[in-house]
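The values are calculated or read from the model by the stated rules, or taken from the named source; none is laboratory data. Note that this is a predicted model, so its numbers are computed, not measured. Reconstructed Cβ throughout: ideal geometry from the backbone, glycine too, with neighbour counts over all protein chains shown. With ligands, DNA and RNA removed, areas are computed over all heavy atoms of the protein, side chains included. Shrake-Rupley method; radii C 1.70, N 1.55, O 1.52, S 1.80 Å.
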Amino acid sequence: ECFSSVNFFLSLYRFQACVYFASVFQSVSCGIHYLASVFMAVTPKFLCGIPGNVSSVLFYNSSESSIEDIWTLWTSTENYIVVQLENGEIWELNQCSRSKREVSLDLAYEYKGNKSTFSCSNGYLYDDTKWKSTVVTQWDLVCDREWLAKLIQPTFMLGVLIGAVIFGDIADRLGRRRVIWFTSAGQFVFGIAVAFTFDYYSFVIVRFLLAMVSSGYLVVAFVYVTEFVGIKARTWASMHVHAFFAIGIMIVALVGFLVRTWWVYQIFLSIATLPFVLCCWMLPETPFWLLSEERYEEAQKVINIMARWNKVSSPCKVSELCSVQQDDLVSGRMGDNDTSSTKKHNILDLFCNWHIARRTITVWLIWFTGSLGYYIFSLSSVSLGGNEYLNLFLIGAVELPCYIIACIAMDKLGRRNTLIPFLILSALICVLIMFIPQDFNILIILANMAGKFSIGVAFGLIYLYTAELYPTIVRSLAVGSGSMMCRVGSVVAPFCVYLRSIWIFMPLLLLGIMALLSGILTIMLPETLGKPLTNTLVEATEMGRNKKSCSEKTPPAHSSAASEKIEMFGQETVGTEK
């Protein structure tokens, strides 16, 4: 077959290795922009501003000459600070209000007399010990404007959702290379533009566009590399696209530690995109997309280039191979005139019977839980105590061995037998963290790393598992709908993290319940390791009901060709989104 022969040719690795590492390098930038807000939108200690110059500051029994000297003593935001101005006025400062004492006699912390309360019309005073400037301090996103700060990450994730849908479709129509060019340049342009936005609303809009191109690149880059690597390396190559995403998270921690002004921080993060933007125009279009568009001459040119790089003297001839494939397809269609091959399928086919419906609900829940857990552990890492930069770095670093373990376990133990224990383990870790005393910072950080590791294994595995659970006719629908649930989880995750203000363990409690429920429901899913891909909904249903039925069935000849083709193209959507 044309596709299978080209795929065998792609198993030669010298050319493919160069293309792979050049492409996934840009995934680092995706990880950077996805998590950049953890330091960019941080809220430092703050107080209501005052109309005048301060001569002395009092906090309980501690007296200082300036507010900057009192920040280290002011640990509880429920307490107020007393300041005396140069004109003799005495004010009590809270976070979102200020009170003027009517009788200004001696400077004392306790006062029983009359006070006049005012709003913070003179702005706010911020502690710049750790962060010289953030978007919160830039546009006073505190008190009655605090909700605007909390929308920064959810709106970004909404852009991720929309960008994945739009650019995934464009890549199928116009080609992978063009979308890679556009989204790479977009990440650099919008990344720099974020640093020069003039108000909150322009900041959110530009970040939304940045999210769209970042998500679009991650989706298309996955498709791009899976079409270039051979079958033997496809699982490892696709899983480790996520490893480069994790490296981006580690870079966020490093740059955040070195740069404490948000717009300079944003520029430094965006510069990471520049090397790839300068060289991405040299990347070729994938032979598979060119073949699907019947652009055989261009496909032959790409294969010839690969042959020279891989030192192959006689590359395959696309025209000869594709003529054979076309003959086979014609004969297959003549021999099978049933309407099932031409029927258009929709999302309702994922609920065609009780067994498939239960499978779909479980798979959707796993996708949602994996994304929810991934971002809850990542976003909340800066609030664990200790060094927030080191915390985020470790949360990113723990992903690197996570995907190696996932690849080994899913091939040795099976997909389901790996997924179940790691989902349940992540739930148990969430419960364990609740019982660790809050002053045991190191133990809390290690437990959160273990939680991120376990949910990362499950999150990475579900991509391939979903593709194997569904038949050819609805496989793309299944993976696509699962990806949508994943993105819904990424939008919900920031709101779950904000629930820490209600109860510090609320995000972990919600995640633990979801992970435990997902793990229990996964028990009812069939194991797919070593089983052929199914082609019809009947075969997929029988795979869950009868262990032998699926493995003993021999599909028709033309179905096997389609199945082989879907292995090459159906997996393109697998693992496309964080």
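Checking the structure you have, find out if any residue of the range 401-408 is surrounded by fewer than 21 Cβ atoms within 10 Å (Cβ to Cβ), of a type outside the set (Ser, Thr, Tyr) and either free of Cβ contacts under 8 Å to residues at least 40 places away in the same chain or in a loop (DSSP other than H, G, I, E, B) (or both).
Checking the range 401-408: at least one residue is surrounded by fewer than 21 Cβ atoms within 10 Å (Cβ to Cβ), of a type outside the set (Ser, Thr, Tyr) and either free of Cβ contacts under 8 Å to residues at least 40 places away in the same chain or in a loop (DSSP other than H, G, I, E, B) (or both).
Condition (residue is in the same structural domain as Ser380 (by the TED database), within 19 Å of Val223 (Cβ to Cβ) and open to solvent by 10 Å² or more (accessible area, probe 1.4 Å)) applied to the range 498-512: is it met by at least one residue?
No, because not a single residue in the range 498-512 is in the same structural domain as Ser380 (by the TED database), within 19 Å of Val223 (Cβ to Cβ) and open to solvent by 10 Å² or more (accessible area, probe 1.4 Å).
For Gln84, are the conditions met, namely being over 30 Å from Thr273 (Cβ atoms) and touching a residue at least 40 places away in the same chain (Cβ under 8 Å)?
So Gln84 does not fit the description; no.
Return the residue satisfying two criteria in turn: it lies in the range 13-38 and is of a type outside the set (A, V, I, L, M, F, W, C) and surrounded by fewer than 24 Cβ atoms within 10 Å (Cβ to Cβ), and of such residues it is modelled with the lowest pLDDT.
Looking at residues that are of a type outside the set (A, V, I, L, M, F, W, C) and surrounded by fewer than 24 Cβ atoms within 10 Å (Cβ to Cβ), I get Tyr13.
With the requirement that a residue be part of a helix (DSSP H, G or I) and either among the small types (Gly, Ala, Ser) or outside the structural domain of Val213 (by the TED database) (or both), what does the range 268-309 give you?
Ser270, Ser292, Ala299, Ala307
Going by the structure shown, is Asp172 of a type in the set (Asp, Glu), closer than 25 Å to Cys279 by Cβ, in the same structural domain as Glu293 (by the TED database) and surrounded by fewer than 18 Cβ atoms within 10 Å (Cβ to Cβ)?
Against the criterion (of a type in the set (Asp, Glu), closer than 25 Å to Cys279 by Cβ, in the same structural domain as Glu293 (by the TED database) and surrounded by fewer than 18 Cβ atoms within 10 Å (Cβ to Cβ)), Asp172 qualifies.
One residue is enough: does the range 439-446 have a residue meeting the conditions aromatic (Phe, Trp, Tyr) and open to solvent by less than 60 Å² (accessible area, probe 1.4 Å)?
Within the range 439-446, not a single residue is aromatic (Phe, Trp, Tyr) and open to solvent by less than 60 Å² (accessible area, probe 1.4 Å).
Which of the helices (runs of 4 or more DSSP H) contained wholly in the range 436-544 include at least 1 residues that are modelled with pLDDT under 85?
441-469, 475-498
Among the numbered conditions (1) aromatic (Phe, Trp, Tyr); (2) more than 18 Å from the chain's Cα centre (by Cα); (3) within 29 Å of Gly163 (Cα to Cα), tell me where Phe435 comes up short.
Against the list (1) aromatic (Phe, Trp, Tyr); (2) more than 18 Å from the chain's Cα centre (by Cα); (3) within 29 Å of Gly163 (Cα to Cα), Phe435 comes up short only on (3).
Counting just the residues of the range 523-539 that are β-branched (Val, Ile, Thr) and open to solvent by 60 Å² or more (accessible area, probe 1.4 Å), which one comes out nearest to Arg416 (Cα to Cα)?
Result: Ile523.
Is it the case that the range 221-233 has a residue that's outside any helix (DSSP H, G or I) and within 22 Å of Phe25 (Cα to Cα)?
yes
Being part of a helix (DSSP H, G or I), touching a residue at least 24 places away in the same chain (Cβ under 8 Å), farther than 14 Å from Cys30 by Cα and outside the structural domain of Leu379 (by the TED database): is that true of Phe244 here?
In short, no.
Out of the strands (runs of 3 or more DSSP E) lying entirely within the range 75-160, which hold 1 or more residues that are closer than 30 Å to Tyr498 by Cβ and open to solvent by 70 Å² or more (accessible area, probe 1.4 Å)?
Per the criteria, 115-118.
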